[in-house]
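In what follows, a structure is listed as structure tokens, so that the remarks can point back to it.
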Amino acid sequence: MKKPKFKRILLKLSGEALVGKEGYGIDLKATRNIAEQVKEVYNLGVEVAIVIGGGNIFRATSVSGQGMERTSADYIGMLATLINSLTLRDALENNGLSCRIQSALEVGKLAEPCLGERAIEHLKEGRVVIFAGGTGNPYFTTDTAASLRAMEIHAEVILKATKVDGVYDSDPMKTKGARKFDRLSYLEVLSKNLKVMDAAAISLCRDNNLPIIVFNITTRGNIKKVILGGKIGTIVEEKK
């Protein structure tokens, strides 16, 4: 069997990854699918950290546009990520994995505080680490949180899980003949305004030369394919 291409990864999940056919909330079947895929790569000896969004429960940008104060909306969104993290932890533990949640918000009974060194210890001891609460600050997305946590734990790559098989020049769900990119530079993502991650997250990855692989998580086994170096999704990195 092929050896894993990466030893330590940061998996970035949107809240929508937990959504089933209802289009909102949490679908336990979808959550179990993610947990089973994580177990597959864990069994290869890969250390896995996860950042998950909260958009399946609450979208801060949407409600702030309707009149809610942005700071309050963002904190509610951070709490939504904690709900998703607790749900995912349950699914991971039901698959036999040891798991810890670290939160940027102080929720002592539910999660540890975010401490990079402690997270690294957990990973080395064979635990999956889920980072909740975004960055803990309003006006920052969970994309930026993913980039920040990846730096803190010295991850080798960010795996950005989506519902499409990579990055396109336009929405493939809406545009017939949309062009898929196999490889992009950070600058191309920023200059073309491609919706990979927000600009702050992309800039942070560029400054620290951290590659991003965008792929479709709804296809069973895709995380493992990425880890084993399969030609899947879109790679964002500094072009040589």
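The values are calculated or read from the model by the stated rules, or taken from the named source; none is laboratory data. All values reported here derive from a predicted model rather than from experimental measurement. Note that each Cβ is placed from the backbone with ideal geometry, even for glycine, and that neighbours are counted across all protein chains shown.
Descriptive notes on the structure:
- Residues considered: TYR24, TYR75. Of these, the only one that is part of a loop (DSSP other than H, G, I, E, B) and of a type in the set (Phe, Trp, Tyr) is TYR24.
- Residue count for the stretch 32-45, restricted to those that are in contact with a helix residue (DSSP H, G or I) (Cβ under 7 Å, 6 or more places away or on another chain) and over 17 Å from PHE131 (Cβ atoms): 5.
- Top-ranked residue in the stretch 159-169 [being out of contact with any Leu (no Cβ under 7 Å at 6 or more places or on another chain) and under 15 Å from GLU237 (Cα atoms); ranked as surrounded by the fewest Cβ atoms within 10 Å (Cβ to Cβ)]: GLY166
- Out of GLU16, GLU47, sole residue that is among the acidic types (Asp, Glu), buried (at least 22 other Cβ atoms within 10 Å of the Cβ) and touching a residue at least 40 places away in the same chain (Cβ under 8 Å): GLU47
- One residue stands out in the stretch 74-98 among those that are farther than 13 Å from GLY134 by Cα and more than 16 Å from the chain's Cα centre (by Cα): the one that is surrounded by the fewest Cβ atoms within 10 Å (Cβ to Cβ), namely GLY96.
- Looking at SER62, SER103, SER98, SER85, just one residue is free of Cβ contacts under 8 Å to residues at least 24 places away in the same chain and among the hydroxyl-bearing types (Ser, Thr, Tyr), and that residue is SER62.
- The residue pairs whose first member lies in the stretch 143-158 and is surrounded by fewer than 19 Cβ atoms within 10 Å (Cβ to Cβ), whose second member is part of a helix (DSSP H, G or I) and aliphatic (A, V, I, L, M), and whose beta carbons are closer than 8 Å, counting only pairs six or more residues apart or on different chains, are MET151/LEU204; GLU152/ALA119; HIS154/ILE120.
- In the stretch 212-232, the residues that are surrounded by fewer than 19 Cβ atoms within 10 Å (Cβ to Cβ) and over 19 Å from GLY45 (Cβ atoms): ASN216, THR218, THR219, ARG220, LYS231
- Within the stretch 170-211, considering residues that are among the β-branched types (Val, Ile, Thr) and either surrounded by fewer than 19 Cβ atoms within 10 Å (Cβ to Cβ) or outside any helix (DSSP H, G or I) (or both), the one modelled with the lowest pLDDT: THR175
- Of the residues making up the stretch 205-223, those that are at negative phi and either acidic (Asp, Glu) or over 15 Å from the mean Cα position of the chain (by Cα) (or both) are ARG206, ASP207, ASN208, THR219, ARG220.
- Among residues that are within 17 Å of the chain's Cα centre (by Cα), within 18 Å of GLY15 (Cβ to Cβ) and in contact (Cβ under 8 Å) with a residue 60 or more places away in the chain, ALA119 is not included.
- The sole residue among GLU93, GLU117, GLU40 that is assigned to a helix (DSSP H, G or I), closer than 23 Å to LEU228 by Cα and of a type outside the set (Val, Ile, Thr) is GLU40.
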